[in-house]
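These notes concern the structure reproduced below.
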Amino acid sequence: MIDPIRELRIRAQKLHRAAREGDQRSLARVPGTSRDDVQRKDCLAAIAREHGFRSWAHALRVLGGDPTEPDLGTLLYPGSDAPYPNHWFARYDEARAQLDAHGGWLLGYREQFVVVEAPFIEALGLDPGDPDWERIGRDWSRPSDPAARGRLYARLIESAPVAR
């Protein structure tokens, strides 16, 4: 099992190397830099943004399971044109009531909440039958087992395509 933070660091290292070698696509991923001045911190920030986080520090808080971070980023809802039924909520208690009454999976999107069905979880590249879903109570936003959510984050990042 990969460590999601370590995986993102490795991706940033590869991006940094390619940008320093002058690869134009890599440089384009790190706005405001050139081959001669691109720094690792720029690449960490770029990788974080590509995975739905505001910054590298934000990614560290979310992936590290900081319970005080209300913004989970956009990693769990990468496209707005997803053709899957889902229910959106501004408040956690309303989303939780939907989950309890009708089942599904409660995910976070920035500071909002969405309850989705199995096909959406599969489209993310995750297995809806993974036992870690039951360990977190099918609630990504307030998991009953944060370590299980960490493993799901690892699987999610592992399945996310590496930008080139």
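Figures for the structure shown
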item	result
The chain: antiparallel DSSP beta bridges as a percent of all, rounded to 5	90
Modelled label reach - Asp100, point 7 Å along Cα→Cβ, the range 134-149 residues with backbone N closer than 19 Å	134-145
Rg [Å, one decimal], Dmax [Å, integer] - the range 44-89, C-alpha atoms	12.0, 34
Intensity falloff of the range 100-139 expressed as log10 I(q)/I(0), Debye formula with alpha-carbon point scatterers, at q = 0.16, 0.29, 0.31, 0.32 Å⁻¹	-0.37, -1.14, -1.21, -1.24
Virtual spin-label span in nm between Glu21 and Asp3, 7 Å along Cα→Cβ	2.6
Cβ crowding within 10 Å averaged over residues, with 14-27, 112-125, 31-44 ranked highest first	112-125, 14-27, 31-44
Between helix 40-50 and the chain: long-axis angle, C-alpha atoms, 0 to 90°, nearest 10	40
Solvent-free Debye scattering, log10 I(q)/I(0), computed from the Cα coordinates of the range 1-69 at q = 0.14, 0.18 Å⁻¹	-0.41, -0.63
Fully extended contour minus Cα-Cα distance, from Arg110 to Gln39, at 0.36 nm per residue	22.8 nm
Hull shadow area, averaged, the chain [alpha-carbon convex hull, nm²]	9.5
Kirkwood-based Rg to Rh ratio, the range 70-144, C-alpha trace	0.91
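Each reported figure results from applying straightforward, stated rules to the coordinates on display, with no laboratory input. Computed from a predicted model, the values in this text were never measured in an experiment. Here the Cβ is made from the backbone with ideal geometry for all residues, glycine too, and neighbour counts use every protein chain on show.
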